[in-house]
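**Q** Have a look at this one.
Please treat every number below as a calculation from the coordinates, not as lab data. All of these numbers come straight from a predicted model, not from anything done at the bench. Counting neighbours? That spans all protein chains shown, and the Cβs are built from the backbone with ideal geometry, glycine included.
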Amino acid sequence: MLRFLRAFGLFTAAALGTAASPALASGDLLVAPTRVILDGSRGTEVVLNNIGTEPATYRISLEIKRMTAEGGLNEIAEENVTAAERAALDMIVFSPRRVTLPPNQPQVVRVGVRLPEGTPPGEYRAHMLFRAVPDAAPATGEPKPASEGVSIALTPIYGITIPVIVRVGDLGAEASIGEAWVSDTQDGPAFNFDLTRTGSRSVYGDIEVTRPGTPEPLLVARGIAVYPEVGARKVSLRVPDELAAKLKGPVHIRYTEDREIGGGTIDEAERVVK
Amino acid sequence: MRNYGMKRALAGAAIAALAMNASAAHAASASGTATAKILRQITLTKTSDLQYATIISGATASTVAVSTAGAATCGAGLTCTGTTTAGNYTVQGTNGAVVLVGGDSSVTLNGSLGGTMTSTLTYSSPNITLSPTGGSFQVGGTLSVGANQASGDYSGTFNVTANYQ
């Protein structure tokens, strides 16, 4: 009986192995929370979990990203950072920087801030990158004879970034909603609007688009930020065709603070979507 | 698939347990109120690789393109065999969250028998809005194949990230 069970165990392991292999899931990951704000000296924790089917080694690092007017985040090489960005990289401390995790094993990453004496007031930000170190390129066996052409193996190193924001001093900011329109992109229609920002820090919150008289929102987009390096950005959200058609006409757009800090209105506006 | 869901559930439970530990510690030192905080999470899962399959080069330089939908266009003078796929990534997190996605715009591949090739990379969208079941994005590319490109296994690595704002 025992032998049967063992054999059965092996069989299921083999079955699971084959079931899992098409997904090639080594390096899949979970990160929580999705945003870190540090004000004062108390640190926080970020959880990294290996949600893949194989053990994986993850590297944790900080990088500088700048927001573009189009609403993207451009990665900035370390040699091109400004003094304030350099200060952000230096003041955010975290540990560990590298960890090997078996499947479904969470790891706490401690994040703190070490403010040098006399740091000028302002918002300092870096983006914490969690990514798996890829396995060595899989052995492809026999080299191909000259007649067999070329075969290609591209290995993605994929990961997640979350912003780590340090606020020094008493900061404030406001935002206002500009024009809204529907456009066509190569991948389908998009709902767009402009968002401008003033003040000494970033703004962050949720967007809700409603049609006057209809309680159900047409569109909800959470986690939209305008960072201090830009005074204005475009928010462009891919929407299905039928929603794009519905969005045209008079709408109410509301930009609210994160629900976790009360959800107060940052700005709201009536717009006619073209 | 069931196995997968189970795993996800376990991951969620682990997070909740960790979060509870953390707030229990805070509670002891601060106010004495016990709260359990569920952290917002994001997951990134690769479900397929960008694959150009096997190519037999011709007498003139040409290209092979794989669209973000996975369709291959084999350039003039080339023979392409095998199944091509676009890279596919699944993101899960808070319903309605907007996640910026993207990565390197090109990659250099080194051949096992010498020689190099380059591939440009394209992404299906600069951002995705997560539905209750998450969202996904795809990576396609165009591979430049030289005239009489040296045979061999070509490999290269490129970066892909999902970014919260």
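**Q** Would you calculate the separation in nanometres between label points at B:Ser144 and B:Thr157, each defined as 7 Å from the Cα along the Cα-to-beta-carbon direction?
**A** 2.4 nm
**Q** Other chains near B:90-98: what is the mean number of their Cβ atoms within 10 Å of each residue's Cβ?
**A** Mean partner shielding for this stretch: 5.
**Q** Test of understanding: what is the full-extension gain from A:Ile76 to A:Arg114, defined as 0.36 nm times their sequence separation minus their Cα-Cα distance?
**A** 11.4 nm
**Q** Roughly what % antiparallel, to the nearest 5, for the DSSP beta bridges in chain A?
**A** For chain A, the DSSP antiparallel bridge percentage is about 95.
**Q** Quick one: pull the percentage of alpha-carbon pairs in chain A with a separation above 26 Å.
**A** Above the 26 Å cut-off, chain A has 58 percent of its Cα pairs.
**Q** Further question on the same structure: Ranked by Cβ crowding within 10 angstrom, fewest neighbours first, how are A:Ser176, A:Ser151 ordered?
**A** Exposure proxy ranking, most exposed first: A:Ser176, A:Ser151.
**Q** How shielded is A:38-50 by partner chains, expressed as the average number of their Cβ atoms within 10 Å of its Cβ atoms?
**A** Counting Cβ atoms of other protein chains within 10 Å of each residue's Cβ and averaging gives 2.
**Q** Another question about this same structure. Using 1/(1 + (r/R0)^6) with R0 = 60 angstrom and r between the beta carbons of B:Ala76 and A:Asp39, what's the FRET efficiency to the nearest 0.05?
**A** Calculated value: 0.50.
**Q** Based on alpha-carbon centroids, what's the gap between region B:89-165 and region A:149-225 in Å, whole number please?
**A** 22 Å
**Q** Taking K and R as +1 and D and E as -1, what net charge do the other residues with C-beta under 13 Å from the C-beta of A:Leu129 add up to?
**A** +2
**Q** Pulled fully out, how much extra length does the chain show between A:Glu257 and A:Glu179, if you take 0.36 nm times their separation in residues and subtract their Cα-Cα distance?
**A** 26.1 nm
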